[in-house]
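Student: Sharing a structure here in structure tokens format.
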There are 2 protein chains.
Amino acid sequence: LSRAEDELVAAIRARVTSSLPQVILGVGDDCAVTRAGANARLCTTDMLVEGVHFRLADLDAEQLGHKALAVNLSDIAAMGGWPLEAYVSLALPRQLAVEGFIDELYRGISTLAAQHRLAVLGGDTTHSPGPLVISVTVIGEAAADRLLLRSAARAGDRLFVSGALGDSSAGLHALKQGHADPLARWLIARHVAPRPRLDCGRALAANGRAHAAMDLSDGLSSDLPRLVEASGVSATVNAEQLPLSEPLRRYCAREGLSALELALHGGEDYELLISGEAGLDRLVEGLVEIGEVSERGGATEVLLSEGGIERRLEAAGWDPFEAAPSGD
Amino acid sequence: LSRAEDELVAAIRARVTSSLPQVILGVGDDCAVTRAGANARLCTTDMLVEGVHFRLADLDAEQLGHKALAVNLSDIAAMGGWPLEAYVSLALPRQLAVEGFIDELYRGISTLAAQHRLAVLGGDTTHSPGPLVISVTVIGEAAADRLLLRSAARAGDRLFVSGALGDSSAGLHALKQGHADPLARWLIARHVAPRPRLDCGRALAANGRAHAAMDLSDGLSSDLPRLVEASGVSATVNAEQLPLSEPLRRYCAREGLSALELALHGGEDYELLISGEAGLDRLVEGLVEIGEVSERGGATEVLLSEGGIERRLEAAGWDPFEAAPSGD
């Protein structure tokens, strides 16, 4: 067999792991086959489209591979689970259907997969007459009685995040401005190579005092209303509590941007947003309290408290159907 | 929340099933959550790209939904398994991100899913600045000791297929010619609405006399070498035994095409190709014997026997990286 598709499949097969104990059969048959455990099974899938979610001018193939897997692992983290397997589907423009590109892309995927001990079990590779499209599906597991659901926030809970907000969107800004100084590069790295908070998610699930969680992909002002609505509660975010990194503060001062606005509305931080008991931040490493959950007579409101004044927090995060390419 | 993406997600949520017993949590959280059984777990994913795998002029949204799920179910059938859940990722051109289109697409998916009792548990929906892309992932299960592997064909086996070959590519020809007579419409239906052979696959797995199987997506001359190579055997196809439907014969006679060529090289029939014991066709309904498997001193050859003369069967099936849109 010397045909183009078979060659690509062979190139990919050489780059994916299938030696992990749960794998019965990896790439090369009609389906991958794995052992099914006794826990709850998790499944999540995310599709990244060139010109919508990324530009190849902004990140290289290895970073794209990392990011496409990381955003799915972030979903597994947000349920309190652990990942087992990933499947990668690619629609490649003809000029990218070359071994060098595939090699780099799978290096990004495999390196992150190895860090979290999941198997990459192939998927599908085809041609695109338009943009590069990469769709990753991740299967994981979680203890069925320890799931961190979006719908389980309770009045009286505190809100926490797993790390600084706004860095990713500042990194995107720096990319667009063409900045390459150390400060910009630090923020760009946060944009192109998000770290899924799997350890934090598992610690939260094990702890039992976290009630609800989700990951922040579109921005706090877009994602928090989803949690609030699913749980039938209201929430207040305290502007003064939002964790802003030192590089973000310095970059925003320099560029005349509002760090608070980026932390509220900037997408792709892939930190976890958690609703749980007060004091959770002393039990699970890395958590920062940012607000509280309340009952407001059946209404599901999201408020921002800033300098003692409360106002409605309006969603202004990123929407692929409204935004121009790369959030322009 | 009145934003475009949330509206689409809500429209999709209303159209997907999550009431099946294995489903703990469907659309609306970071992951879908299901019960994990004791069997082997199967996973397969296929990505269809507008202009490569289909043209919207040739099939409507409901047919596209059916086909995108059917090609994955065909992979589950080819392992001898049964499907449990499907995840659908969509990259939609702006003009198609409307409820009517989504509604039709999910009607096609849901109708086929209901026939085979699998849950459709969401996925991801985003914008495409280029072609429509639909990526479906199906999770299933199989008895771990009854898997129909591609690598398990043995010398002395007979080759079987689960139904007539070539109809789908004749249907594609009819579409391109703009034919709409009853004969053309019958063949077109075989192209746009393939039926996954799940019952046949399960019967084969239960029977125990089938050794290897795969589904025919790219055409016999492309797919059989993959089975032969995975198993380290050789195979001979008998041209006279290939099952050709009466509509295919009549259409080919009328259009000056070779029905044999379409049966050998035409893709997308989604019939099963099986290697197993002689007489299997009397035990499992619908099977037709088409050849035999042999050992040729370590070589992995695929021969075609026609009128008593044997020659090498050259792969001439469809390849997304070599073919122009829709196999033109």
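Student: Mind counting the residues in region B:99-137 that are of a type outside the set (Asp, Glu) and away from every other protein chain (no Cβ under 11 Å)?
Tutor: So the count comes out to 18.
Student: Going by what's in this entry, would A:Asp46 be described as at the interface with chain B (Cβ under 7 Å from one of its Cβ atoms) and out of contact with any Leu (no Cβ under 9 Å at 6 or more places or on another chain)?
Tutor: Judged against the criteria, A:Asp46 is a match.
Student: A further question on this structure: Pull up region A:49-62, narrow it to residues that are open to solvent by 40 Å² or more (accessible area, probe 1.4 Å) and either under 12 Å from A:Phe101 (Cα atoms) or without any contact (Cβ under 8 Å) to a residue 60 or more places away in the chain (or both), then point me to the one that is nearest to the other protein chains (Cβ to nearest Cβ).
Tutor: A:Leu56
Student: Please go through region B:63-84 and pick out each residue that is out of contact with any Pro (no Cβ under 6 Å at 6 or more places or on another chain) and within 12 Å of chain A (Cβ to nearest Cβ).
Tutor: Residues satisfying the conditions are B:Ala68, B:Val71, B:Asn72, B:Asp75, B:Ala78, B:Met79, B:Gly80, B:Gly81, B:Trp82, B:Pro83, B:Leu84.
Student: Anything in region A:257-314 that is among the aliphatic types (A, V, I, L, M), open to solvent by less than 60 Å² (accessible area, probe 1.4 Å) and farther than 23 Å from A:Arg202 by Cα? List them, or say none.
Tutor: Scanning region A:257-314 gives A:Leu257, A:Ala259, A:Leu260, A:Leu262, A:Ala263, A:Leu264, A:Ala299, A:Val302, A:Leu303, A:Leu304, A:Leu313.
Student: Just for region A:138-147: of the residues that are within 18 Å of B:Leu121 (Cα to Cα) and not small (Gly, Ala, Ser), which one is farthest from the other protein chains (Cβ to nearest Cβ)?
Tutor: Ranking the qualifying residues of region A:138-147, first place goes to A:Val138.
Student: Quick one: how many residues across region A:68-82 are part of a helix (DSSP H, G or I) and open to solvent by 10 Å² or more (accessible area, probe 1.4 Å)?
Tutor: Residues meeting the conditions: 1.
Student: Another question, if that's okay. Working carefully through the options A:Gly201, A:Gly163, find the one that is in contact with a strand residue (DSSP E or B) (Cβ under 7 Å, 6 or more places away or on another chain), under 14 Å from A:Ala77 (Cβ atoms) and modelled with pLDDT of 95 or more.
Tutor: Step by step, each of A:Gly201, A:Gly163 is checked, and only A:Gly201 is in contact with a strand residue (DSSP E or B) (Cβ under 7 Å, 6 or more places away or on another chain), under 14 Å from A:Ala77 (Cβ atoms) and modelled with pLDDT of 95 or more.
Student: Need the failing condition index for A:Tyr87 against (1) among the hydroxyl-bearing types (Ser, Thr, Tyr); (2) out of contact with any Leu (no Cβ under 9 Å at 6 or more places or on another chain); (3) facing another protein chain (nearest Cβ under 10 Å), just the number.
Tutor: Failing condition for A:Tyr87: (2).
The values are calculated or read from the model by the stated rules, or taken from the named source; none is laboratory data. Keep in mind the model is a prediction, meaning the values are calculated, not measured. Cβ coordinates were reconstructed from backbone atoms using ideal geometry, including for glycine residues, and neighbour counts include every protein chain displayed. What goes into the accessible areas is simple: the full protein's heavy atoms, side chains included, and nothing from ligands, DNA or RNA. Shrake-Rupley method; radii C 1.70, N 1.55, O 1.52, S 1.80 Å.
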